[in-house]
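The values are calculated or read from the model by the stated rules, or taken from the named source; none is laboratory data. For clarity, every value in this text was computed on a predicted model and none was experimentally measured. Here the Cβ positions follow ideal geometry from the backbone for every residue, glycine too, while neighbour counts run over all protein chains shown.
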Amino acid sequence: MKSNNAKTQFTIAVFIALAAFDNIIIGLFPPLFKFIAQDLNVDIAKLGIVSAVNIIVTAISSVYWGYLSGKFKRKRLIIIGTLIWVAAVFLTALSKSYMQLILFQMVTGIGLGCIASIGFSILTDFIHYEKRGTVLSLWGMAQGFGGITGSLLASLTATSHSWRWPFEIVGIIGFFLIFLYLFVEEPSRGQSDPELVNLIKKGQAYDHFIDAKQIRSILFKKSNVLLFLQAFFMNISTGSLIWIPTLFIFKIQQQGYSVETAMIASGYLYGIFQIGGMTSAYFGHLGDKFQKNSFQGRAFFTAIFVFLTMPFYIGMFSIPMNHLILPHDHNAILIFVYLIKQIFLNPWIAFLFVISFFASAAQSANTPNWLALITDVNLPEHRGTAFSVANLFNSLGRTIGNLGFGTLLGVITVHYQEPNNYIMTLSFLEVFLIPSALCYLFMAKTNRSDIHNMKETLKIRSNKMEEQHE
């Protein structure tokens, strides 16, 4: 038993770590835009298209991976997908032209699509239904820290080495993950659902698999439709947040520092100002408690914090970095030490830190509860597909937020200079959090019936399968 528990914990840890990688690769690009543009002799604006292509291909491929996860052994699929993206990341580091860069990032996206859909499918079969929000918060936190890690890795290595180094490092780590997969455990499908516990304990397997004919019912289930739309609107706003380091660079340069110092400091600040995201586990736990009392509780609870995310982020964008004191020698360690001091000694930076903490904390309430709701309203064999479709809407929103940022920035820059043009553009895109919060309010009405129907279906199937084996 202890051996099985250890293997289960190891598997959960591996898949939570894996969740970071698609966001690490997305996070790598913005700090490297300037260096890649110079090396490949391309307009810096075109590099936003590379990020967008990676995001959208990852999302589209995840739908197919999600469908496969409902039919075949998931461990084998995740190894194949990881081999694809690891190879493509190494090829990205060897790119000699803009077209090669786009091509290799498209292939990277095909491989990365397996992470979200298959990883989610496996995790939800391990997690007890009353702790879904709590444990899935770690999945969400890993994704958030992935973006921060990518940004930091790019900022710290590109200033002293080539822009290619960060991709090589990520590829090496990804290759190590393939080795870890050999030791992970594949759970029985649906083993975390209480309606199937007796069936699994008797050594019987839940033998229902997804069929192509069922995709329509997944797509048009009321709670799923609202989850798709919520993800779309939410990610128009959060998709634009990858430009925060660029905003910080201009604010730091405004204080008289070089672009090299500003790049290093902005990467650190972006990471420090996302510390509020660590509250995700607590918000996931609260969501579990509210959902235990009522099938409507999680949606109402999350709606409040999604709405609060908007004013906090707008405040964060607007606060200046007055009287910022940093060393001028580009020493990464010294810059970090000075920034920590500034949080305690500089009222402007201290206020910025507090507002950023509340912004990232409020945002962090969304992911674990959104993931838990997708699990709650869908049958075990449908969860990989439902999540991957939701993730497609997620990525469409993020892509629109990313590309829309560039378009809107171009219009605003005609009238305003840096950093005000960035502040206004980022602030405008936060407005999409309003319809995102409203989706949760509407969803609360549909969750009750959809969750009840899912549970009743599992009970009927479990009883029927037990009778057949008696």
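Points worth noting:
- Any hit, the range 189-210, residues being within 30 Å of Q296 (Cβ to Cβ), out of contact with any Leu (no Cβ under 6 Å at 6 or more places or on another chain), of a type in the set (G, A, S) and at pLDDT below 75: yes
- Of all residues in the range 388-409, those satisfying the criterion of being closer than 18 Å to V50 by Cβ and either among the charged types (D, E, K, R) or touching a helix residue (DSSP H, G or I) at 6+ places or on another chain (Cβ under 9 Å) (or both) are S395, L396, R398, T399, I400, G401, N402, L403, G404, F405, G406, L409.
- Qualifying positions in the range 219-248 - touching a Ser or Thr at 6+ places or on another chain (Cβ under 6 Å), crowded, with 19+ Cβ neighbours inside 10 Å and over 20 Å from L429 (Cα atoms): S223
- Whether a residue is closer than 30 Å to F295 by Cα, modelled with pLDDT under 90 and either part of a helix (DSSP H, G or I) or in contact with a Cys (Cβ under 8 Å, 6 or more places away or on another chain) (or both) was assessed, and L433 does not pass this test.
- Number of the exception - V53 against (1) surrounded by fewer than 17 Cβ atoms within 10 Å (Cβ to Cβ); (2) part of a helix (DSSP H, G or I): (1)
Yes/no matrix, rows are residues, columns are (1) touching a residue at least 60 places away in the same chain (Cβ under 8 Å); (2) buried (at least 24 other Cβ atoms within 10 Å of the Cβ); (3) among the polar types (S, T, N, Q):
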{"position": "V89", "(1), (2), (3)": "yes, yes, no"}
{"position": "G109", "(1), (2), (3)": "no, yes, no"}
{"position": "L112", "(1), (2), (3)": "yes, yes, no"}
{"position": "S121", "(1), (2), (3)": "yes, yes, yes"}
{"position": "T124", "(1), (2), (3)": "yes, yes, yes"}
{"position": "V135", "(1), (2), (3)": "yes, no, no"}
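- Unique residue being under 24 Å from F317 (Cα atoms) and basic (K, R) when the list is R448, R383, R461, R398: R398
- With respect to the conditions (1) surrounded by fewer than 23 Cβ atoms within 10 Å (Cβ to Cβ); (2) modelled with pLDDT under 90; (3) in contact with a helix residue (DSSP H, G or I) (Cβ under 7 Å, 6 or more places away or on another chain); (4) under 27 Å from F351 (Cα atoms), L308 lacks only one, and its number is (2).
- Yes/no for F295 being assigned to a loop (DSSP other than H, G, I, E, B), out of contact with any Cys (no Cβ under 6 Å at 6 or more places or on another chain) and crowded, with 21+ Cβ neighbours inside 10 Å: yes
- Contacts under 6 angstrom Cβ, first residue in the range 411-437 being under 14 Å from T246 (Cα atoms) and crowded, with 22+ Cβ neighbours inside 10 Å, partner at pLDDT below 90 and among the acidic types (D, E), 6 or more apart: none
- Of all the numbered requirements in (1) modelled with pLDDT of 90 or more; (2) in contact with an Asp or Glu (Cβ under 9 Å, 6 or more places away or on another chain), W348 misses one, and that requirement is (2).
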